[in-house]
1. Once you place label points 7 Å from the Cα toward the Cβ at Glu12 and Glu66, how far apart are they in nm?
2. In degrees from 0 to 90, rounded to the nearest 10, what is the angle of the helix 32-51 Cα long axis to the longest principal axis of the chain?
3. Calculate the FRET efficiency for Ile58 and Gln5 from the Cβ-Cβ distance with a Förster distance of 25 Å, rounded to the nearest 0.05.
4. Please rank Arg80, Arg52, Arg2, fewest neighbouring Cβ atoms within 10 Å first, as an exposure proxy.
5. So how far apart, in nm, are the two label points at Phe31 and His82 if each is 7 Å from Cα heading toward Cβ?
6. Can you give the helix-only mean residue ellipticity at 222 nm for the chain, where every DSSP H stretch with n ≥ 4 adds -39500 (n - 2.57) and the sum goes over all residues, rounded to the nearest 500 deg cm²/dmol?
7. FRET efficiency for Tyr103 and Ile125, Cβ-Cβ distance as r, R0 = 41 Å, nearest 0.05?
8. Could you name the aspartates and glutamates in cross-link range of Lys92, using Cα to Cα under 16 Å and dropping any fewer than eight places away on the same chain?
Amino acid sequence: MRTTQELINDSETKIFKAIFPNTTNHYNTLFGGTALHMMDEASFICATRFSRKKVVTISTDKIDFEKPIPEGTIVELVARIHKVGNTSCTVKVDIFMENMYNYERELTVTGFFKFVAVNEQMKPIPILN
């Protein structure tokens, strides 16, 4: 049987994306809604890998947009279990921005996404066995 800490470590999820014009606004920076979509996807994958159960997003909390993400950059989303409850878990997602043509990298967005494990009737069940 694996420990909760081992499950947390093994479920960390990293996704890389290039920021293209179709994902930017009139300032040529990533749409906030697109960033939230990418963060929800990364956190969902992380929560699923952690619990190996059906999970649904039930809330988001404290999304901080520290810096704009310009077109033509690479982003890395890093999702990691932050807190574990009986039927739920909270995932912290950080978006790091990288310049395509040098090694500059900085944290640009951080947010928290809460998931609950559900059965076939969409009723909460324990997040871990």
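1. That separation, rounded to one decimal, is 1.7 nm.
2. Once rounded, the angle reads 30 degrees.
3. Values: r = 24 Å, r/R0 = 0.95.
The pair Ile58/Gln5 has a calculated efficiency of 0.60.
4. Arg2, Arg52, Arg80
5. In this crude label model, Phe31 to His82 measures out at 2.5 nm.
6. -7000 deg cm²/dmol
7. The calculated FRET efficiency here is 0.40.
8. Qualifying aspartates and glutamates at Cα under 16 Å: Asp10, Glu12, Asp40, Glu41, Asp61, Asp64, Glu66, Glu76.
Bear in mind these aren't lab numbers, they're just calculated from the coordinates by the rules spelled out. Worth saying up front: this structure is predicted, and the values here are computed from it rather than measured. Note: ideal-geometry Cβ built from the backbone for every residue, glycine included; neighbour counts use all protein chains shown.
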